[in-house]
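Notes to accompany the following structure.
The values are calculated or read from the model by the stated rules, or taken from the named source; none is laboratory data. Keep in mind that this is a model prediction, so the values were computed, not measured. Please note: Cβ atoms are built from the backbone with ideal geometry, for glycine as well, and neighbour counts cover all protein chains shown. Side chains are part of the model used for accessible areas, which takes the heavy atoms of the whole protein and leaves out ligands, DNA and RNA. Shrake-Rupley method; radii C 1.70, N 1.55, O 1.52, S 1.80 Å.
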Amino acid sequence: MALVRSLQENLNSSISVTQGVSPERLELLISWCNRTLRWQVLLSSPPELCAPDFLFDDPAFQPLVGSLAPAQLAQLQQQLCAWPAPSPEHASAGTAAQPSGGPEAVAVALASLVKLLLSLYREFQLSRLAALSQTQHSDAVDRLQFELSTLATTVPATPHAWSDSAPAQVQEGSATGSLLPPLDEAQGAGLGSSLASEAPAGEHGSAAGVAAGAAGSAGAGGSSSSSDSDSSSSALEVMYLEPRPGEVGKACLGLPLVGLDLSRLAAYEPRTRALTHAHVKLHVTFRLAPGQAEPDLHLQMPGWLRAVLPEVTLPSWTPHSCLMEYVPQTVERLMGVVNTLCDGLALRGALLDALSSALGGSRPLEVNLAAGTGLWSLAWEGTPVLLTVACAPPSTTGGPSFPEEQPALTLSAVRQLGCGPDTTSRTYRTYPWSPRWPPAEMASRITSWLASELPVFLGAKPAAPPIVAAAATPALVP
């Protein structure tokens, strides 16, 4: 359906749009605090006739009859009454022009309405957490309110995609964190009093003030531009989970990793280009019970990205930690892992390029930079031979990998294919090698070794047994 496709293009990639049982019914699957919100959208026929109805999976969330701020209620009513609403470009320009008619106009208006409702849903969850201070008095609740008051000023820019077309200038081997705005004196005093062991409960400020501060930061944006103020309300995810029988209530936060840049990885893994900050987040869960001030921390990312990256260990949480400082530490740790991985991938690509030059500038028949493999066609005294180079993949468990583990070299006799694997190919792992050599030296040593090994491989192949890779020990040549 054209409307579904156009709506998906106008929404954040963490929101999935599916067609319902009828053309007038859509389902929104929204990733929120490591959970999925299911919102139903009931369109009129035709959709341009009037604003749609929404069915929320949380019956307590009723923005039109809830306790919204007057400005928020007026904004929601304005979008509902002026359906379809003007596009963001026309609205920012101060014009009354409407977008193109048909599904595109409805998609732009519906996407704007969904983003506004998500912002109101965030304020709804913040108000539920603010009400806890009126009924519960514990170190966990006080700590939560303090964290929310600081996070309201440190949310990142609107999630954007990483692309290898214009990667960030990251120095190899370095880790990159994020720059945070300085704390004002009130927040600094609150931080000191909250971390002091003798600080009495309730000294972090009222919960209502915390929620109001978060709402004001999301709506006003201080001296930032309009896009920055809008992004502050589009990044932080908040959800309160009411206690079940035998359990305690929980407050869940979804924090984008400010400063995280996967542009270098996008050059080797194309799927990275489709990711945004909405796909890589730090999820924090506070158990709202006495003595449970330490949160549960979990790093969310797609399964394929977790399989590509080496194991990422989150920084340790101490009684003096706070999320405003912990998020940059997590970014620095993750950027260090990404840079180390990309350095290894770049070194493997440099070896394959240097090997092509060392073999007389011959272009490889096949090369896979991400996998670190290459295939070349050689000739020795008129006899064609295939050379396969396979570099060890980056280790995800801390084990040996390239360049500590030297590449596997496989020679295959083209004219004797089909005579059995023992007589047509041989794999080598014991040849001159040192992980300290630059790529050009590695390629030169491999080429010199091939010049001496090819006559043996072609002349004594039936009599000489193949080298067993598992029994071989890499030789380090200084």
Open item on the list: Under a crude label model (7 Å from the Cα following the beta-carbon direction), how far is SER357 from SER45 in nanometres?
Closed with: 6.8
Task: Label point at GLU294 placed 7 Å out along Cα→Cβ; residues across segment 300-334 whose backbone nitrogen lies under 15 Å - done: 314-322
Open item on the list: Using only the alpha-carbon atoms of segment 269-400 as identical scatterers, what base-10 log of I(q)/I(0) does the Debye formula give at q = 0.18, 0.19 Å⁻¹?
Closed with: -1.05, -1.11
Task: Accessible surface of segment 323-380 [probe 1.4 Å, protein heavy atoms]: carbon and sulfur percent - done: 53
- [ ] Give me the number: length gained by fully extending ALA350 to SER448, i.e. 0.36 nm times residue separation minus the C-alpha to C-alpha distance, one decimal in nm.
- [x] 33.5 nm
Task: Amide H partners (placed H, <5 Å) of ARG25, local residues excluded - done: GLY20, LEU43
Task: Extension gain (nm, one decimal) between ALA74 and GLU24, 0.36 nm per residue minus Cα-Cα - done: 15.3 nm
Task: Estimated FRET transfer efficiency when R0 is 56 angstrom, pair ALA307-CYS81 (beta carbons, to 0.05) - done: 0.70
Open item on the list: Give me the net charge for the shell around PRO243: Cβ to Cβ below 13 angstrom, other residues only, Lys and Arg +1, Asp and Glu -1.
Closed with: +2
